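Okay, structure first, notes after.
No lab work stands behind these numbers, since they all come straight from the coordinates. From a predicted model like this one, the values you see are computed outputs, not experimental measurements. Glycine also receives a Cβ, built like all others from the backbone with ideal geometry; neighbour counts cover every protein chain displayed.
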Amino acid sequence: MKAIRVHEFGGPEVMRLEDVPDPKPSAGQVAVRIAAAGVNPVETYVRAGAYASLPKLPYTPGSDAAGTIESVGPNGSRFKAGDKVYVGGSITGAYAELALCDERSVHPLPPGLSFAQGAAVHVPYATAFRALFLRGNARGAETVLIHGASGGVGTAAVQLARAAGLYVVGTAGSERGKKLVADEGAQKVLDHKSPAHFDEALAATGGRGYDLIIEMLSNVNLGRDLPLLAPRGRVVVVGSRGPVEINPRDSMGRDASILGMSLLNASIEELTSIHASLGAGLENKTLRPVIGQELPLADAARAHKAILEPGSYGKIVLLP
């Protein structure tokens, strides 16, 4: 089969399309024929060697995908060959024609969802769900500010927050992105390229501040997030590309909390619960994965460049 392989950490060019043996599932495992693989920012950090947990070289990137069951391991499985599924984690990597997966990380693809949309579920939606409800303790009628709301995690967070009855303010950096955020349900959309958008964000709450902020780029925004919080407000840090300086007094006077969040810390039991909730939302169309770009598997390097560019819009997927 064909797969993207990384033999050394570095720039996007270290990803190469190669021939590798087809994976063979053991007990409790399945092999999935990949129809679409999702691309996530974290995969660019890992590829560059700039992440806390790094795989052994060589490796195939990717954890999100959708396709059909190719084969199952000994002693049977809850799946059978030909079943349509989406993948929330892969043993051998998702940027490939076939991926070996723990069957507990594989979920039925809801009817009406395309393979590309299925590849846009796990990291974006599970991250958004965990950030909002398990770390941020979001509750109906609260106010939430979602930075970078036009990206994969951002659009998922907007949809989930609106479905739970929160008042949602989202930011984006392009006209196309701002329209997407509004279309997905945000009551107010701000241009995060505008120096005034933090003042506009506070004004959107009538000066009260936010109960919750979902922060995708904390090294840029965290210092200015804290003054936007309401009493006992929370910031959940989903992403950061470096250090940041903050004034602790901005949190002290509000009894505010800064909460870190990584999907890698979720247990298999927690992920099973999260995907049960996501599956229900996908089936009833409350959740609608947005695809920004579809690229050939051989263009993985191009995808890694595109996902870090300003003006994010939906999810980027690779098609084997």
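If you plug the beta carbon distance of residue 163 and residue 268 into 1/(1 + (r/R0)^6) with R0 = 30 Å, you get a FRET efficiency near 0.75.
Principal axis extents of the Cα atoms in region 86-205, from largest to smallest and rounded to whole angstrom, are 49, 29, 25. Every Cα-Cα pair of region 124-264 was included, and the share exceeding 27 Å stands at 9 percent. Taking amide H as placed 1.01 Å from N in the peptide plane, residue 187 has its amide H under 5 Å from the amide H of 168, each at least 5 places away in sequence or on another chain. Rounded to the nearest 20 debye, the dipole size of region 181-320 about its Cα centre is 140 debye, using +1 on the Cβ of Lys and Arg and -1 on the Cβ of Asp and Glu. The Cα center of region 52-103 and the Cα center of region 275-317 differ in position by 18 Å. Basic side chains Lys and Arg get +1 at the Cβ, acidic Asp and Glu get -1 at the Cβ, and with that the dipole of the chain about its Cα centre reaches some 340 debye. A dipole drawn for region 124-264 from +1 and -1 charges on Cβ atoms has a positive end, and of 236, 203, 218 the residue lying farthest that way is 236.
Give me the distance between the Cα centres of region 183-236 and region 1-46, rounded to whole Å. Each part reduced to its Cα centre gives a spacing of 36 Å. Modelled spin labels at residue 9 and residue 219, positioned 7 Å past Cα toward Cβ, are 1.4 nm from each other. Principal-axis analysis of the Cα atoms of the chain puts helix 152-163 at an angle of about 60° to the longest axis. Across the chain, C-alpha contacts under 8 Å between residues 6 or more apart give a mean separation that, scaled by the residue count, equals a relative contact order of 19 percent. Scaling the Cα radius of gyration of the chain by the globular reference 2.2 N^0.38 Å produces a ratio of 0.99.
For the residue pairs 24/315; 285/305; 2/315; 285/315; 24/84; 179/315, the alpha carbons lie more than 21 Å apart in 24/315; 285/305; 2/315. Using all pairs of distinct alpha-carbon atoms, the Kirkwood hydrodynamic radius of region 21-92 works out to 13.4 angstrom.
The length gained on full extension between residue 141 and residue 91, counted as 0.36 nm times the residue separation minus their Cα-Cα distance, comes to 14.0 nm.
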